[in-house]
Amino acid sequence: MSQQKGFGFGLGKMKELAEAFKKAQQVQEGAKRLQEELEVMEIEGQSDDGLVKVVLNGNQEPQRVEISPEAVAQGAEALSAIVTSAMKNAYNKSTATMRERMEELTSGLDLPGM
């Protein structure tokens, strides 16, 4: 008599699959909360000399720029470099914040590739 073999999907595999779905749902819910937090978060970057500040939200959308009179007095070319420096600083802080929040969201979930 030949034994019929199933698809190799016993109770242990079903339990693993159910756990995987549960983890995916947790990540989805956490991602939604994170998205809401990022929309209202303000991340400030500034130039090395502190004469210009750039504020982004957590989604890296510009919110405002604050330029000191001292920066304006340096002329257009210098002002451009100062603003660029502040933008880069804000961007770097923003990406680091997003990375940290994603790591918090996925920590302990044992997801492959994360």
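Students often check this: by mean Cβ neighbours within 10 Å, which of 47-55, 69-77 ranks highest, and how do the rest follow? If you can, show how the numbers build up before the last one.
Values: 47-55: 18.2, 69-77: 11.4.
Peptide ranking by packing, descending: 47-55, 69-77.
So which aspartates and glutamates pass the test for Lys13, namely a Cα distance under 20 Å, with those fewer than 8 places away in the same chain ruled out?
In chain and number order, the partners are Asp110.
Can you work out the Karplus-derived ³J(HN,Hα) for every residue in segment 77-86? Use 6.51 cos²θ - 1.76 cosθ + 1.60 with θ = phi - 60°, whole Hz, and x for glycine or proline.
5, 5, 4, 4, 5, 5, 5, 4, 4, 5
How would Arg101, Arg33 line up by accessible area, probe 1.4 Å, largest first?
On the way: Arg101 75, Arg33 135 Å².
Largest to smallest exposure gives the sequence Arg33, Arg101.
The values are calculated or read from the model by the stated rules, or taken from the named source; none is laboratory data. For clarity, every value in this text was computed on a predicted model and none was experimentally measured. Cβ coordinates were reconstructed from backbone atoms using ideal geometry, including for glycine residues, and neighbour counts include every protein chain displayed. Heavy atoms of the whole protein, side chains included, go into the accessibility calculation; ligands, DNA and RNA do not. Shrake-Rupley method; radii C 1.70, N 1.55, O 1.52, S 1.80 Å.
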